[in-house]
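Every number in this text was worked out from the coordinates using simple rules, so none of it is lab data. Predicted model only: the values in this text are computed from it and were never measured. Counting neighbours? That spans all protein chains shown, and the Cβs are built from the backbone with ideal geometry, glycine included.
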């Protein structure tokens with residue numbers, strides 16, 4: 001049975017942010033499903049529960065892959081559901097250890113109003129479950145970019161020497177158990193559109209490796 005690739009966008013984004021990646025995957029022969037979910041309105045467990053119900057109806061018994069961006073990676077960690085047959089997951093710039101930027105701003109009423117419950121929950125990763133399938137992580141290292149407003153506003157809170165993508169620190173993306181990890185010269189906002197990222201996503205979904213020629217690429 002042909003797998004379905006689930007594309008999960010980040011906080012305060014929509015499915016359009018994953019469309020170029022989705023188009024690339026479809027040209028490579030994958031079927032994709034890219035929902036827009038109300039990331040600013042509900043908690044992470046609530047968002048995951050709603051997506052699980054939708055996905056169970058959409059996929060039925062098909063094997064599932066996931067490619068996630070930022071908050072989407074945390075959502076998929078909460079998608080442990082017996083109706084879902086996860087096989088492989090690629091996380092792009094996920095705040096797997098929680099977000100120091102969110103932790104520093106969680107007391108700000110404007111932050112809480114704009115980013116909602118899920119944004120506040122990014123401040124503390126202590127209770128998050130492990131991913132439901134073998135997973136890989138791609139972290140960005142481009143800390144300043146005009147296309148990422150966070151990088152030149154609150155992203156300046158990162159101390160000197162802390163590698164980051166303007167929104168999430170490289171170390172925050174890592175998680176014990178990941179089967180592959182790589183850093184790329186990309187900013188948080190549009191990491192999914194980098195050509196090398198797309199190629200590594202395809203390679204991992206097909207083989208469980210970033211590098212089709214050999215061992216997983218590491219950094």
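With the structure loaded, tell me whether residue 129 is touching a residue at least 40 places away in the same chain (Cβ under 8 Å), under 26 Å from residue 84 (Cα atoms) and exposed (fewer than 13 other Cβ atoms within 10 Å of the Cβ) or whether it fails that test.
Numbers: touching a residue at least 40 places away in the same chain (Cβ under 8 Å): yes; under 26 Å from residue 84 (Cα atoms): yes; exposed (fewer than 13 other Cβ atoms within 10 Å of the Cβ): yes.
Answer is yes for this residue.
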Number of the exception - residue 206 against (1) in a helix (DSSP H, G or I); (2) under 15 Å from residue 90 (Cα atoms); (3) in contact with a strand residue (DSSP E or B) (Cβ under 8 Å, 6 or more places away or on another chain): (3)
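Tell me, which strands (runs of 3 or more DSSP E) lie completely within segment 61-155 with 2 or more residues that are over 21 Å from residue 176 (Cβ atoms)? Don't jump to the end; show me each part of the working.
Working: elements: 63-69, 85-92, 135-140.
Ranges flagged: 63-69.
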Tally of residues being surrounded by fewer than 19 Cβ atoms within 10 Å (Cβ to Cβ) and under 14 Å from the mean Cα position of the chain (by Cα) across segment 149-176: 1
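Report yes if some residue within segment 114-121 is touching a strand residue (DSSP E or B) at 6+ places or on another chain (Cβ under 9 Å) and touching a residue at least 12 places away in the same chain (Cβ under 8 Å); otherwise report no. First the steps, then the outcome.
Filtering segment 114-121 for residues touching a strand residue (DSSP E or B) at 6+ places or on another chain (Cβ under 9 Å) gives none.
Taking every residue of segment 114-121 in turn, none turns out to be touching a strand residue (DSSP E or B) at 6+ places or on another chain (Cβ under 9 Å) and touching a residue at least 12 places away in the same chain (Cβ under 8 Å).
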Pair list, Cβ < 7 Å and 6+ apart or interchain, from segment 20-40 residues that are without any contact (Cβ under 8 Å) to a residue 40 or more places away in the chain and at negative phi to residues that are surrounded by 15 or more Cβ atoms within 10 Å (Cβ to Cβ) and part of a loop (DSSP other than H, G, I, E, B): 22/34; 36/14
